[in-house]
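For reference, the structure discussed in these notes is given below.
The values are calculated or read from the model by the stated rules, or taken from the named source; none is laboratory data. Quick caveat, the model's predicted, so the values are computed rather than measured. Backbone-built Cβ (ideal geometry, glycine too); neighbour counts: all protein chains shown. What goes into the accessible areas is simple: the full protein's heavy atoms, side chains included, and nothing from ligands, DNA or RNA. Shrake-Rupley method; radii C 1.70, N 1.55, O 1.52, S 1.80 Å.
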Amino acid sequence: MASLIQFGLVTLLLSISAVFSQARQEQQAKSKSLFLPLSRDRATNQILTHLHIGTPAITRTFIVDLAGQIPWLDCYTTARYSASTSSTHRLAKCGSAPCSVTAAACSGICHSASGPSCHNNTCQLKTRNPIRSTDSLSEVAVDTVTLRSTIGGGRAGKHVSIPNFILACDDSYHLGHLAAGVVGSVGLARSRVSVSSQLSSAATLAAKFAICLPSSPDSNGIMFFGDSPYVFYPSDNETRSIDVSYRLIYTKLHTNYRRTTAPGARGSEIPDYFVKISSILVEGSPIRINSTLLEFQPSGIGGTRVSTTDPYTVLGSSIYRSLVRAFEIEVMKTPRVKKAATVAPFRNCYEKGDLPMSLSGLSVPEIALVFESAEVKWDIFGVNSVVEVSEEVFCLGFVDGGPMTAKGATVAAVIGAYQMQGVLVQFDLGSGTMGFTNTLLAESVECSNFRF
Ligand SMILES: *[C@@H]1O[C@H](CO)[C@@H](O)[C@H](O)[C@H]1NC(C)=O
Ligand SMILES: *[C@@H]1O[C@H](CO)[C@@H](O)[C@H](O)[C@H]1NC(C)=O
Ligand SMILES: *[C@@H]1O[C@H](CO)[C@@H](O)[C@H](O)[C@H]1NC(C)=O
């Protein structure tokens, strides 16, 4: 009897201390974050980051891809990065943990002469070049990556090295269409081996990351891994600090499936970030949209995706036309604003006429994306809605994605980089939500105002 009571007491104490240590771990995870700087390539508008990789660490440039399931890079061009530049680079062997966690297939035997991409007993999986939209079979490998931590979310702290980081190796051909100097892709999708997932488990961070895209090719942006605070200084007083996370408003992340033509069948899950827009407003009034298009259909058509590799928000044709119609009626109310010749990739351009400038860009009619409740509204001002292509002309910074048919666009909207610049967007994998702050210019903050 005594031993039973003792046993019960010990179990109780153990479980209490387990609860405490779990709470402590959560507390630690909560307050910790790492970051990577972001930039925008002038020639291509691609969003890039710089990552320290290998031993000794070298700094290399990667494209940032919210849809990428695993980081990949060119490991076969010695000048870029390879086994000979890094002593901690290892190809994963068939049956090893990196091969199983990535669900990569064992590639068997390479019969040609041993070369940089010819190995026996390694495993391979498909990786995607998000700009050229091509896939390649890449070999799974591991190496050490090094990032800076933040001090309280507001200042660059010490370097943190993460060994055995899983990545995929490919060749220089897979880099086609990527910006000059880019050696691979930093994938952030909802997958176990995306950069964000690997960092949160290896460095015990909250399962969240946030991106703040640069407003111009000349300024920086930042990507935080881990929880808030996300602290910036306002441009008018560099000694002040503002944790912009208090501005975050949240909407649910949805699961979407690959398109399928088989009736009643469902395709495989897509690891991208999907949200549901319920309406689009111009100057507070909803534009006409066939609401079926905004729903996620079992066929894989419909809904809204978030993308760092689409430079501008893409709308299905009927939605795009509706937006232009409403925007044009409103913007033409300003004297001397007139239609101008088209400037690619945009279809609707205007002479500025008497439109005034404001702190948040040209004072054009306000566009808003409304998510699943009326309060969750993404306000888009001139700085994010129109692109000034010359002194006199600006264009609506949205593009027509074509008709939403079985062969055309799959989603109603893709929220692209231009609309996200100067906005902090957080992806919370734990609670399955996306948070956004609206333009930080309201606080005089730009994404470059971090103490790097
Ligand atoms: C792979 O193994 C095969 C058969 O064992 C051998 O002939 C071949 O040379 C090996 N290739 C490499 C790249 O080591
Ligand atoms: C800037 O902010 C600091 C800290 O809040 C404050 O003490 C200082 O007076 C401010 N400077 C100006 C010029 O407003
Ligand atoms: C709305 O879109 C759906 C899906 O494309 C289509 O079947 C339906 O006919 C459309 N409704 C209207 C009123 O155009």
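Of interest is the spacing of the C-alpha centroids, which for the stretch 319-334 and the stretch 147-217 amounts to 39 Å. Among all the lysines, which ones have a C-alpha under 25 Å from LYS352's C-alpha, if same-chain residues fewer than 8 places away are not counted? Those lysines meeting the cut-off are LYS333, LYS338, LYS339. Taken over the Cα atoms of the chain, the convex hull encloses 196 Å³ per residue. Each Lys or Arg adds one and each Asp or Glu takes one away; over the other residues whose Cβ falls under 12 Å from the Cβ of THR437, this sums to -2.
Under a model in which nothing but the beta-carbon of Lys, Arg (+1) and Asp, Glu (-1) is charged, the stretch 249-436 shows a dipole of about 640 debye around its Cα centre. The angle separating the long axis of helix 2-31 from the principal Cα axis of greatest extent in the chain is about 40 degrees. Share of carbon and sulfur in the accessible area of the chain stands at 55%, probe radius 1.4 Å. If you take all other residues with their beta carbon under 12 Å from the beta carbon of GLN421, and give Lys and Arg +1 and Asp and Glu -1, the sum is 0. Taking a sphere under 12 Å around the Cβ of LEU48 and counting the other residues whose Cβ falls inside, with K and R at +1 and D and E at -1, yields a net charge of +1. The mean sequence separation of alpha-carbon pairs under 8 Å and at least six residues apart, normalised by the residue count of the stretch 45-88, gives a relative contact order of 36 percent.
For the stretch 376-452, the set of GluC sites (Glu not before Pro) satisfying both a DSSP loop assignment and a count of at most 16 other C-beta atoms within 10 Å is given as GLU391, GLU392. Dipole of the stretch 249-436 computed with +1 at Lys/Arg Cβ and -1 at Asp/Glu Cβ about the Cα centre; of CYS395, THR313, VAL411, farthest Cα towards the positive end is VAL411.
Looking at THR239, ILE211, PRO263, which one has the Cα that reaches farthest to the positive end of the dipole of the stretch 209-305 (charges on Cβ: Lys, Arg +1; Asp, Glu -1)? Among THR239, ILE211, PRO263, the one farthest towards the positive end of the dipole of the stretch 209-305 is PRO263. Look at where the Cα atoms of the stretch 94-135 and of the stretch 343-408 average out, and the two centres are 42 Å apart. With the charge dipole of the stretch 97-240 set up from +1 on Lys and Arg Cβ and -1 on Asp and Glu Cβ about the Cα centre, the Cα lying farthest toward the positive end among the listed residues GLY108, ILE131, LEU147 is that of LEU147.
A simple charge model with +1 on the Cβ of Lys and Arg, -1 on the Cβ of Asp and Glu and nothing else charged puts the dipole of the chain at about 800 debye relative to its Cα centre. Relative to the longest principal axis of the Cα atoms of the chain, helix 317-331 runs at roughly 50 degrees.
Counting only protein heavy atoms and a 1.4 Å probe, the chain has 45 square angstrom of accessible area per residue. Restriction of the trypsin sites (Lys or Arg not before Pro) in the stretch 316-363 to DSSP coil positions whose beta-carbon has at most 12 other beta-carbons within 10 angstrom yields LYS333, ARG336.
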